[in-house]
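Encoded as structure tokens, here's the structure I'll be asking about.
Laboratory data are not the source of any read-out in this text; all were calculated from the coordinates shown. None of these values were measured; they are calculated from a predicted model.
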């Protein structure tokens, strides 16, 4: 079993006319997960326009703690309560930064992943240093880096990188192979 953080990504399509109920059910699931040891965070990504598939992300400290939550009686009861609210569920788990970029085989090239992370990191880092720079300048280099990484890392991992990948989803996704047709002779 993995000892690094693990992300469970769940896709749920809202059943017709059940949007509000699904949103309440998703919030209940997020709250439920917070009670489990090893829980690191979760979030719900709304579908793009003209789609109805939500992405729900649950992150745990390792495979063992995710497994405990995943096979718990309370999660099972929660899933049963929501079974009529969605259609076509799918789940997969990922480790590391791969979780930000989709399933194996559907991930963008590494250079696109790097650009998406940089586009999230640069403005947040700039604003952080602009706002807190004068206070941090009085600290020695080690303390300054310690404080800035302690503040910025969770912000990036749980908020800004998922936001960046969501906003850049169309650009990040590899284009489907083009159909090649033979030219008439």
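Any chance you could check the Cα centroid distance between region 116-168 and region 3-18 for me, in angstrom?
The distance from the Cα centre of region 116-168 to that of region 3-18 comes to 27 Å.
Shape of region 6-101 from its Cα gyration tensor (a ≥ b ≥ c, root eigenvalues): rounded if a/c is under 1.5, otherwise prolate when a/b > b/c, or oblate?
Details: a/c = 2.12, a/b = 1.34, b/c = 1.58.
Judged from the Cα gyration tensor, region 6-101 comes out oblate (a/c at least 1.5, b/c at or above a/b).
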